[in-house]
Amino acid sequence: MSTNAPGCSPMRHTLEKKDTVSSRGITSIQISQSHKDEAMRDVKDYLEKDVPGIVDMAAPYEEAYQIAACRVADTIIRELEAQLVAAGAVDSKISSPVVASPEAQFEGSAYSSDNYLAQLCLLCTNKPNTSEASLCWHFMSLIRFVACRIQESALTVSDMVNSNVKPRRLVLPTVQMDFKCRDAKESERIDFGILSAPIDTVVDDCYSANGADSRTRNIAAKSNPGYADMLLVVEAKQSMSTANLESARAQLFRYTRNIYQRQHNRRLLWGMVICGTYVQVYIFTPSHASASPSMDITTSEGRRLFIQLLTNWSYCEEHRLGYDPTINYLDELQCWEIQVPIEDSDNNGSTTVSEPRVQTFYSNTILVNANRLFGRHTRCFAAVAEKPTVDRPITSMAPSVNIKDSWPEADKFLSDDTRDEIRQLRKIRSCLESNAELTNMYPVIEAGGRVHIQHSSHSDWALDYVQCRPSKNLDELSQPSPVRVHKRVATSPVGRPLNKLKSVYELIIVMADAMRCHGTIVDECGILHRDISMNNVLFTEENGEVKGLLIDFDCAFDLSSPDNIPRTERTGTLPFMSVGNLEGSPVPRTALDDWESAIYILCWYGVFGLNSKTAPDNPVSHPEIHRWIEGAVDQMAMAKRGHLHSQDNLRDITKEFCQKMNPRLAEGSLLSNLVHSLRYFLIDDLEDEASKGAKMPVPGESGVTNMFANLKLFERIVNADNSNVASESALDPFAVRAQKATDIVPKLMEVLGSCSKAVKVYLAELA
């Protein structure tokens, strides 16, 4: 199963109990397997191997800390080499491993000072058939040994350049090995983790059953650490082989994505793979992952690089570890403090500024987590502008803005970034601010811009971006931008997800509002959304009435700049992408692509329900609609072409609509009728036979309810007869219809709008 594709956003799953069918008709085992498959694809598509200088990427930015880290690492290396030589573990002349003496044999699994040297000797002798568990203990001992020596240096050695230069933290292994993280949603077990601890941590207490763990205030983190606590994950295999290395990499990629989900202020991530005595360190950016050449711990050079890496991690700035200095958690107020740029400035074409202007917001509600290793890494927070206090906690305050933090593909220089979402939002606000009918139906920008970070206390603020390494599977015609730029924007109002709606009636109202707003933005602002999905249509509620809210213009483009409109780019969210988007078709993107996506949303909720209250009573698998998320993107496109091809084919989907989402009418059912009517005007209504998508007879059997008798447009489904129509294989009907988009869209809006009005009357009568 493939729930992701290059250039596409995945559907966000909710895990249920093992072997049960979830509210999306997918078992937890299937989801787990999809994550394994995704990890293997990511290793293939996004990993750069044997990249030199990875250890230096962890080095402190400030020169004084660089000098201190190098000096302390050299001291530790010399001490370790001397101890290994004295113990007979390495030859003093060639510094290579020798057979360990009996005294150096590994006896126990508990950490103790007496065991340090024995375990380090065993690690450096490369003893054959060492178990994976013993191998992990050896490496954990080495990491702890380095941490203890760094701590001693902080207490006993003053820096010759600056006596205030001390290590910023200790880097320590978890107590546990081969364990399930407390916040894991799946059954995976990591080999061990590495944590960041305060420099004054009592190291021995961390590994004592009775000692207080001063690394964290969370008691559970000692007995059962979670991804929320991890600096990085370590995956180990007993020996080095191609198969073991590939397996360890896939596991590392799979587990590391969970850190992004649990730590909302991580920009970048680190990881580590151990195969026998070989170590590779990994750094993950939103664009790609880089792996260091193997460090062989049985050689003095391998030990030197590994110890330098651990020392760099102890001395470097927080942002070098991947933490975002513009998002901080305030323990005393139990909320996030988030800085949002007030505006963008070209700064004469430079990527640095003296000091960015920001507005500070506060949040304790995460609406969207980053859910992949690579891509836009979109996170959303519901936030307030006023700083909470102890007396007025954030839990007593109503969120006023939605903060979106993401890494879209962009041009490094603002003046060249013609597809910037923040620019689009400012244009939309300017065009629509006097349109009272659309109030609270589109995001109004309150603040937003590119994120800058300060590498040191004395430096300018630099643009936060990473160089792009696009997936090898991207369409060859696609021209992705060279960088991913860190952006953040605050908008109002704060919407609620569609799964909080109470009924199909409310869903129809919300979708009609969203698509009406979509059409106005196309007509008056010249901006095409291009990512209509269940995550990007929200709703607000006032006086008991719901209203649709269209958000997320990350994929939008400005129709007034035809030279910048991509034709073959794949953008959108599975399983709601249009056929043209899935195929990377050269057919121009129009509003019809987004209307096609709207039909898929109605179908998806029709089958699976909005939530547990509207879901089928006896959930079963739905193979037809699963074809929209299974296999390669061309297979998904083929499935959708088939389902849209005729009313009969679409009934393979609509016949699966659950009763709670598809109330019976005098003739037919509400949601089925609506979907088939929308399909008719999208596919079959034009007189030009080449534009019709049908290749087989299309009987019109659905009727129109008396309750909705004013919806005469439903009659088109009944009277349509395209049994003698066959599309020419050389002419894509989607291309023909794209040329007539301005004629088709008003009819689609009339269908959905009329149904929405009738539903409102019906709900008013019920009330």
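The values are calculated or read from the model by the stated rules, or taken from the named source; none is laboratory data. Every value quoted in this text rests on a predicted model; they were computed, and no experiment measured them. Here the Cβ is made from the backbone with ideal geometry for all residues, glycine too, and neighbour counts use every protein chain on show. These area figures cover heavy atoms from the full protein model, side chains too; ligands, DNA and RNA do not enter into them. Shrake-Rupley method; radii C 1.70, N 1.55, O 1.52, S 1.80 Å.
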query: Regarding ASP324, is this residue open to solvent by less than 50 Å² (accessible area, probe 1.4 Å) and in contact with a Gly (Cβ under 7 Å, 6 or more places away or on another chain)?
result: no
task: Search the stretch 108-142 for residues being part of a helix (DSSP H, G or I) and of a type in the set (S, T, N, Q), and hand back the single one that is modelled with the lowest pLDDT.
output: SER113
task: Inspect all residues belonging to the stretch 281-300 and state whether any of them is assigned to a helix (DSSP H, G or I), without any contact (Cβ under 8 Å) to a residue 40 or more places away in the chain, open to solvent by 40 Å² or more (accessible area, probe 1.4 Å) and of a type in the set (Gly, Ala, Ser).
output: no
- request: Please indicate, with yes or no, whether at least one residue in the stretch 386-395 is of a type outside the set (Phe, Trp, Tyr), under 24 Å from the mean Cα position of the chain (by Cα), surrounded by 16 or more Cβ atoms within 10 Å (Cβ to Cβ) and modelled with pLDDT of 95 or more.
  value: no
- prompt: Looking at the stretch 662-685, which of its residues are buried (at least 16 other Cβ atoms within 10 Å of the Cβ), of a type in the set (A, V, I, L, M, F, W, C) and out of contact with any Pro (no Cβ under 9 Å at 6 or more places or on another chain)?
  reply: LEU665, LEU674, VAL675, LEU678, PHE681, LEU682
field: Qualifying positions in the stretch 173-188 - open to solvent by less than 40 Å² (accessible area, probe 1.4 Å), closer than 19 Å to VAL273 by Cβ and of a type outside the set (Asp, Glu)
entry: PRO173, THR174, GLN176, PHE179, CYS181
query: Is it true that LEU333 is in a helix (DSSP H, G or I) and over 27 Å from ILE551 (Cβ atoms)?
result: no
- prompt: Quick one: VAL522 ticks every box in (1) more than 25 Å from the chain's Cα centre (by Cα); (2) over 19 Å from MET577 (Cα atoms); (3) at pLDDT 95 or above; (4) open to solvent by 20 Å² or more (accessible area, probe 1.4 Å) bar one, so which box is it?
  reply: (2)
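So that you can scan it fast, the table gives a plain yes or no per residue for (1) under 23 Å from HIS676 (Cβ atoms); (2) under 26 Å from the mean Cα position of the chain (by Cα); (3) open to solvent by 10 Å² or more (accessible area, probe 1.4 Å):
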position	(1), (2), (3)
LEU528	no, yes, no
GLY548	yes, yes, no
VAL587	no, no, yes
ASP593	yes, yes, yes
GLY609	yes, yes, no
Residues of the stretch 301-317 classified as free of Cβ contacts under 8 Å to residues at least 60 places away in the same chain and either open to solvent by 10 Å² or more (accessible area, probe 1.4 Å) or touching a Phe, Trp or Tyr at 6+ places or on another chain (Cβ under 7 Å) (or both), total: 1
message: Any residue at all in the stretch 335-344 that's under 27 Å from ALA184 (Cβ atoms), open to solvent by 60 Å² or more (accessible area, probe 1.4 Å) and either small (Gly, Ala, Ser) or within 21 Å of the chain's Cα centre (by Cα) (or both)?
response: no
- prompt: Looking at ASP617, is it in a helix (DSSP H, G or I) and open to solvent by 10 Å² or more (accessible area, probe 1.4 Å)?
  reply: no
